[in-house]
Amino acid sequence: MNNNSLLSHRKEEPENGTLYMVGTPIGNLNDISQRALNILKNVSLVACEDTRQTKKIMNKFNISNKLISFNKHNSLIKIPKIKKDLKEGKSIAIVSDAGMPGICDPGEDIARSLKSEGVDIICIPGACAAIAALVSSGLSSSSFVFEGFLPKKKICREKILLEISKNEKTTIIYESPKRLRKLLKELFEFCGGNREIMVARELTKKFEEHVGNNISEVIEFFKDKDIIGEITIVVKGIKKRDLNPDKLIIKKDLNDLINAGLSLSEASKYLAKRNGLKKSEVYNMV
Ligand code: SAM
């Protein structure tokens with residue numbers, strides 16, 4: 001029997017020397033498990049992204065415990081300290097401001113670093129905006145891609161947008177309300193207005209809203225609105241037959257050129273010339 005198969009027989013939690021990655025609510029404070037509350041109450045200390053946020057949960061459930069700050073600014077200093085505490089037998093919980101630690105939140109680095117040192121890491125599952133949005137979208141969830149926040153740098157961003165445009169799998173994206181309009185415009189350019197999409201706003205909260213159906217309609221919906229709240233976007237994958245062979249070849253070439261360092265505009269111009277097409281025709285193909 002190896003160490004991993006022993007995990008299913010754990011009895012008393014928290015265990016000494018164990019790091020717990022604890023999922024917390026993404027809006028509705030009732031979305032927290034009994035197991036998570038037990039861990040937060042009984043670990044030696046809780047390392048949180050923002051102690052004020054975690055205090056809200058602790059207060060609601062009448063829990064008091066030692067909180068320390070653990071975020072992207074201090075993780076380099078805090079990881080060795082947490083490692084030392086765990087080696088001395090303490091149990092520690094990592095929590096982010098909302099949802100699952102490590103999912104676009106602090107937690108990934110410490111899990112990687114401590115796992116390689118042989119520390120036991122246990123996930124206490126909780127809410128995650130990506131999964132809540134995917135499940136409520138009604139889009140295919142048997143196979144999906146989670147992109148998190150798209151990169152800001154144009155060349156990297158266009159590469160991912162291109163991948164999304166030809167992906168057969170459902171894609172999940174996080175975005176801030178300030179930048180939603182820009183992202184929708186980009187998705188329109190790369191995927192076309194007919195691609196099915198759902199924008200999930202304020203999941204699990206009082207004003208939860210799901211906006212669909214296709215990209216054009218969603219752009220229209222948000223046109224004159226102040227966009228506030230938290231946003232997750234789910235984009236339907238394409239059907240293979242939506243791509244004809246010519247398009248497939250040009251798309252592949254386009255992808256190769258972008259990977260080689262050209263911008264979408266430069267690559268489209270080059271391929272248009274090579275294939276006797278207008279630049280806009282290459283653009284429209286993708
Ligand atoms: N760790 C979190 C999780 O497990 O979902 C994600 C943290 S990431 C810093 C924050 C982003 O998640 C937001 O900008 C938004 O895109 C998405 N998000 C978080 N809460 C949400 C909610 N209630 N409704 C919609 N999207 C949400």
What's the angle, to the nearest 10 degrees (0 to 90), between helix 180-191's Cα axis and the longest principal axis of the chain?
50 degrees
Rounded to the nearest 5, what % of DSSP beta bridges with both residues in the range 3-127 are antiparallel?
5 percent
Fully extended contour minus Cα-Cα distance, from LYS153 to LYS115, at 0.36 nm per residue:
10.5 nm
From the cross-link list LYS159/LYS279; LYS239/LYS269; LYS55/LYS153; LYS84/LYS152, the entries with a Cα-Cα span beyond 29 Å are LYS55/LYS153; LYS84/LYS152
Picking from LYS87, LYS153, LYS185, which is most flexible by a Gaussian network model of the chain using Cα springs under 10 Å?
LYS153
Kirkwood-based Rg/Rh on the Cα set of the range 3-127 evaluates to 0.93
Taking a ≥ b ≥ c as the square roots of the eigenvalues of the Cα gyration tensor, with a/c under 1.5 meaning rounded and otherwise prolate when a/b exceeds b/c and oblate if not, the range 44-194 is prolate
Taking the simple approach of a point 7 Å from Cα along Cα-to-Cβ for both ASP253 and SER143, what is their distance in nm?
2.8 nm
In whole percent, and with a 1.4 Å probe on the protein chains, what portion of the accessible area of the range 82-135 is carbon and sulfur?
55 percent
For SER263, SER142, SER268, what's the largest-to-smallest order of accessible area, 1.4 Å probe?
SER142, SER263, SER268
Dipole of the chain [Lys/Arg +1, Asp/Glu -1 at C-beta], most positive-end residue of LEU257, LEU187, GLY118
LEU257
Would you rank THR170, THR51 by solvent-accessible area, highest first, keeping every protein chain in place and using a 1.4 Å probe?
THR51, THR170
Rounded to the nearest 10 Å², the accessible area of PHE149 at probe 1.4 Å
110 Å²
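Given Cβ point charges of +1 (Lys, Arg) and -1 (Asp, Glu) and nothing else, what value in debye, to the nearest 20, does the dipole of the range 137-286 about its Cα centre take? Don't skip to the end; give the middle numbers.
Details: 30 positive and 22 negative charges, 96 e Å.
That gives a dipole near 460 debye.
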Output the 0 to 90 degree angle, nearest 10, between the alpha-carbon long axis of helix 264-274 and the longest principal axis computed from the alpha carbons of the chain.
30 degrees
So for each of 42-49, 11-18 I average, over its residues, the number of other beta carbons within 10 Å; can you give me the resulting order with the highest mean first?
42-49, 11-18
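Report the rotationally averaged projected area of the range 135-286 based on its alpha-carbon convex hull, in square nanometres.
On the way: hull surface 36.7 nm².
Result: a mean projected hull area of 9.2 nm².
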Inverse mean reciprocal Cα-Cα distance (Kirkwood Rh) of the chain, Å
21.3 Å
Out of ARG195, ARG179, ARG274, any idea which swings most in a Gaussian network model of the chain, alpha carbons joined below 10 Å?
ARG274
Go ahead and run the numbers for FRET between SER176 and GLU281, Cβ-Cβ distance against an R0 of 45 Å, rounding to 0.05.
0.85
In a GNM of the chain with a 10 Å cut-off on Cα contacts, which of PHE146, PHE70, PHE61 has the highest mean-square fluctuation?
PHE61
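The values are calculated or read from the model by the stated rules, or taken from the named source; none is laboratory data. No experiment lies behind these values; they were computed from the predicted model shown. Neighbour counts are summed over all protein chains in view; Cβ atoms, including those assigned to glycine, are modelled from backbone coordinates with ideal geometry. Only protein heavy atoms, including side chains, enter the accessible area calculation; ligands, DNA and RNA are left aside. Shrake-Rupley method; radii C 1.70, N 1.55, O 1.52, S 1.80 Å.
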